[in-house]
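*Asks:* Here it is, the structure, as structure tokens.
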């Protein structure tokens, strides 16, 4: 590029620097940072909404017997808690991070499809208003669990079509976000930023985006069949008309298993960014990380029926799904060992993001091990639908996905706001969260193995102590998150100025650390120098 | 890449992704008949839909299988449904007839359909029915009881260690369904 054209573009660009003013800025924005912020704030709000529902559940389970809510409302809470946490908190938060970070990491000015980006965010608030409104309808919200299994879910009143349409809207929103990410990464990379130079966060998101495009439509199709079964006389899942409710389970989990990886793969990317920075070493085994992520993505499509071992599968099916599921432990193990090797002999420091990253590695691995236990179909007959399952997926989703989101927030918050967050409060948040999350979920392994079923508001008295512990942990965990919200608020309002590199030596770990903190409204209006890219680890 | 080229490349990639999404949506629906075919082929999910003609099989007097009958009425359907016996000792290869009785306890005509299920699932392909009320819709006049015979045989090639089987029928109310279709 000659100097003359260079200056031309610059002069031409000057009029649209900086955001518009007022509320309409957020409604009409096509800027990747604004949309990222909107996604992240939505994720945080929904995290508190879903969390409040979790506390209703834990309050009811504090002691045996029925105390505060009736069983039907309890079931609505478990259903909505899950739907909101999965689709309202974790997925939008990851989409927010993708919007903020991907253009900065690959040296692009913005996302490839900015107007579609605006639309994919603004569908969300409407979807969640619709979903929450079902609580006030005749017969209440859907109460059949987040899996929405028929025939039980077909007993839902007026809430069913609203729940189904919410799923449709959320599906459209995620598919658009996923397409945007794929197009951005494939077509907008700066010269010199080859695929095997991409930061792992970008790689994991690309694979996640492919999973989203492949499975969200299947879920949309399955819930459409629920809708037509209930209102239009079809019999997809109705035995009387020649259908089979088990078909729904297959369709759901064909979506559902890739979905749980959609919730965890971006976390792997985040952890793979943070651990090298605070170990002051390049990531160990970059290429193997990319291949491991891709294999996890591929394997996720062929293991779905391990969620349905008790449904009456032929023996060959049970064996196949057992072995295929165990296979996943191999690429996941590669990742965990790569993280450990990255820390090995590193000059480590333990700022809040690193604390969360290390806690992620330890606690996610524990969730992984219980997953391995369940992959064995004869053993799973004992675990199925008990609190052991609840403990397992909360270990991979809370100290897994949610801890990765905490880590990412602390890691990039100084970059976003230009201010360092309060390290003391961050550490306090970390310790309260980590201790309470274990008090909350660890005892659930024990009651689960002893046979306490999930999704039941009452339980036998021998489970009382562990459930009381679990509830105490849940409440401490819940209220600790107010510290998190306050730390974010404080960093937005002010604080010690952050340098562009923020963390010592971070410049070698990603292009985002070469932009000032906070970064300009449009990230890389001129592609970053190729020498910058070749110097990255 | 200049702006125009980039725009074109973006549009191409977007359409490819949209096509994948649409195909996956279609796949969800395409799986339904495929799933049926697989279940029929393996004889799982209790699918015995058609009568098999009576044939002379070698009766294996040395073996005895205990066959249990379970009757279930789905939802709120006003039907009293029972089998004449709860349990029968049978020899593989021999034909038996068991009567089922269902009484409409309401003042309205009922149309129902019984769906069979056999467990353990892998035995279902060995239970062959020459006659069954489950092959067609059943109509019940108000407050009338009907006798519905099932004639069946257990194929003597069934695994030697089979000691117990359960045949269950669930009656579904399809009044609403037939009305929707007629309308």
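The values are calculated or read from the model by the stated rules, or taken from the named source; none is laboratory data. Only a predicted model underlies this, so the values are computations on that prediction, with no experimental measurement involved. Neighbour counts are summed over all protein chains in view; Cβ atoms, including those assigned to glycine, are modelled from backbone coordinates with ideal geometry.
*Asks:* Could you go through the stretch A:447-464 and let me know if any residue there is crowded, with 17+ Cβ neighbours inside 10 Å and free of Cβ contacts under 8 Å to residues at least 40 places away in the same chain.
*Replies:* no
*Asks:* Within the stretch A:151-171, count every residue that is within 14 Å of chain B (Cβ to nearest Cβ) and assigned to a loop (DSSP other than H, G, I, E, B).
*Replies:* Final tally of qualifying residues: 1.
*Asks:* Has the stretch A:422-445 got at least one residue that is at positive phi and in contact (Cβ under 8 Å) with a residue 12 or more places away in the chain?
*Replies:* no
*Asks:* Turning to a different aspect of this structure: Of all helices (runs of 4 or more DSSP H) completely enclosed by the stretch A:357-435, which ones contain at least 3 residues that are within 18 Å of the chain's Cα centre (by Cα)?
*Replies:* In the stretch A:357-435, the matching helices (runs of 4 or more DSSP H) lie at A:387-396, A:403-417.
*Asks:* Another question about this same structure. For the stretch B:137-153, indicate whether the set of residues that are within 14 Å of another protein chain (Cβ to nearest Cβ) and within 30 Å of residue A:152 (Cα to Cα) is non-empty.
*Replies:* Yes: one or more hits.
*Asks:* Also, quick follow-up: Residue under question is residue B:30, and the condition is that it be under 24 Å from residue A:219 (Cβ atoms) and within 12 Å of chain A (Cβ to nearest Cβ); does it hold?
*Replies:* So residue B:30 fits the description; yes.
*Asks:* Okay, moving on. In contact with a helix residue (DSSP H, G or I) (Cβ under 7 Å, 6 or more places away or on another chain), surrounded by 14 or more Cβ atoms within 10 Å (Cβ to Cβ), touching a residue at least 12 places away in the same chain (Cβ under 8 Å) and within 11 Å of chain A (Cβ to nearest Cβ): does that describe residue B:44?
*Replies:* yes
*Asks:* Please pick out the residue among B:83, B:21, B:9, B:102 that is modelled with pLDDT of 90 or more, within 14 Å of another protein chain (Cβ to nearest Cβ) and over 30 Å from residue A:317 (Cα atoms).
*Replies:* B:9
*Asks:* Filter the stretch A:234-258 for residues that are closer than 23 Å to residue B:115 by Cα, more than 8 Å from chain B (Cβ to nearest Cβ) and part of a helix (DSSP H, G or I) and give the result.
*Replies:* Within the stretch A:234-258, A:245, A:248, A:249 meet the criteria.
*Asks:* Can I ask one more? Is there any pair linking a residue in the stretch B:1-19 that is over 12 Å from residue A:112 (Cβ atoms) to one that is surrounded by 13 or more Cβ atoms within 10 Å (Cβ to Cβ), with Cβ under 8 Å and at least six apart or on different chains, and which?
*Replies:* B:18/A:179
*Asks:* Can you say whether residue A:474 is crowded, with 20+ Cβ neighbours inside 10 Å and farther than 27 Å from residue A:105 by Cα, as far as the supplied structure shows?
*Replies:* So residue A:474 passes the test.
*Asks:* Shifting gears a bit: Just checking, does the stretch A:24-32 include any residue being free of Cβ contacts under 8 Å to residues at least 60 places away in the same chain, at positive phi and more than 28 Å from the chain's Cα centre (by Cα)?
*Replies:* Checked against the condition, which is being free of Cβ contacts under 8 Å to residues at least 60 places away in the same chain, at positive phi and more than 28 Å from the chain's Cα centre (by Cα), the stretch A:24-32 yields no hits at all.
*Asks:* Sticking with this structure for a sec: Conditions first: (1) surrounded by fewer than 23 Cβ atoms within 10 Å (Cβ to Cβ); (2) more than 30 Å from residue A:133 (Cα to Cα); (3) within 14 Å of chain B (Cβ to nearest Cβ). Residue A:197 passes all but one, so which condition is the exception?
*Replies:* Tallying (1) surrounded by fewer than 23 Cβ atoms within 10 Å (Cβ to Cβ); (2) more than 30 Å from residue A:133 (Cα to Cα); (3) within 14 Å of chain B (Cβ to nearest Cβ), residue A:197 fails exactly one: (3).
*Asks:* Right, something else. Does residue A:148 meet the test of being in a loop (DSSP other than H, G, I, E, B), buried (at least 21 other Cβ atoms within 10 Å of the Cβ) and away from every other protein chain (no Cβ under 12 Å)?
*Replies:* Answer is yes for this residue.
*Asks:* Which number in (1) in contact with a helix residue (DSSP H, G or I) (Cβ under 8 Å, 6 or more places away or on another chain); (2) part of a helix (DSSP H, G or I); (3) away from every other protein chain (no Cβ under 11 Å) marks the one condition that residue A:129 misses?
*Replies:* (1)
*Asks:* Exactly one of (1) farther than 27 Å from residue A:117 by Cβ; (2) within 14 Å of another protein chain (Cβ to nearest Cβ) is unmet by residue B:88. Its number?
*Replies:* Going through the list (1) farther than 27 Å from residue A:117 by Cβ; (2) within 14 Å of another protein chain (Cβ to nearest Cβ), residue B:88 breaks only (2).
*Asks:* Could you tell me whether any residue of the stretch A:207-216 is more than 12 Å from chain B (Cβ to nearest Cβ) and out of contact with any strand residue (DSSP E or B) (no Cβ under 9 Å at 6 or more places or on another chain)?
*Replies:* Scanning the stretch A:207-216 turns up at least one residue that is more than 12 Å from chain B (Cβ to nearest Cβ) and out of contact with any strand residue (DSSP E or B) (no Cβ under 9 Å at 6 or more places or on another chain).
*Asks:* Could you tell me whether any residue of the stretch A:223-233 is crowded, with 22+ Cβ neighbours inside 10 Å, at the interface with chain B (Cβ under 8 Å from one of its Cβ atoms) and in contact with a helix residue (DSSP H, G or I) (Cβ under 9 Å, 6 or more places away or on another chain)?
*Replies:* Within the stretch A:223-233, one or more residues are crowded, with 22+ Cβ neighbours inside 10 Å, at the interface with chain B (Cβ under 8 Å from one of its Cβ atoms) and in contact with a helix residue (DSSP H, G or I) (Cβ under 9 Å, 6 or more places away or on another chain).
*Asks:* Closer than 25 Å to residue A:241 by Cα, crowded, with 18+ Cβ neighbours inside 10 Å, under 18 Å from the mean Cα position of the chain (by Cα) and in contact (Cβ under 8 Å) with a residue 24 or more places away in the chain - does that describe any residue in the stretch B:86-101?
*Replies:* Taking every residue of the stretch B:86-101 in turn, at least one turns out to be closer than 25 Å to residue A:241 by Cα, crowded, with 18+ Cβ neighbours inside 10 Å, under 18 Å from the mean Cα position of the chain (by Cα) and in contact (Cβ under 8 Å) with a residue 24 or more places away in the chain.
*Asks:* From the list A:510, A:495, exactly one residue is more than 30 Å from residue A:52 (Cβ to Cβ) and either modelled with pLDDT under 90 or touching a helix residue (DSSP H, G or I) at 6+ places or on another chain (Cβ under 6 Å) (or both). Which is it?
*Replies:* After applying the criteria, what remains is A:510.
*Asks:* If you check A:91, A:104, A:111, A:116, which single one turns out to be crowded, with 21+ Cβ neighbours inside 10 Å and within 14 Å of chain B (Cβ to nearest Cβ)?
*Replies:* A:111
*Asks:* Tell me which strands (runs of 3 or more DSSP E) are completely within the stretch B:58-161 and hold 3 or more residues being touching a helix residue (DSSP H, G or I) at 6+ places or on another chain (Cβ under 6 Å), or say none if there are none.
*Replies:* Filter on the stretch B:58-161 gives B:110-119.
*Asks:* Now for a separate question. Across the stretch A:293-335, what is the total count of residues that are in a helix (DSSP H, G or I), within 14 Å of another protein chain (Cβ to nearest Cβ) and surrounded by fewer than 17 Cβ atoms within 10 Å (Cβ to Cβ)?
*Replies:* Result for the stretch A:293-335: 6.
*Asks:* Given the conditions (1) assigned to a loop (DSSP other than H, G, I, E, B); (2) at pLDDT 90 or above, and given that residue A:522 satisfies all but one, which numbered condition is not satisfied?
*Replies:* Here residue A:522 clears every test but (2).
*Asks:* Let me ask something additional. Inspect the stretch A:496-504 for any residue being touching a residue at least 12 places away in the same chain (Cβ under 8 Å) and at positive phi and give the result as yes or no.
*Replies:* Scanning the stretch A:496-504, I find at least one residue that is touching a residue at least 12 places away in the same chain (Cβ under 8 Å) and at positive phi, so the answer is yes.
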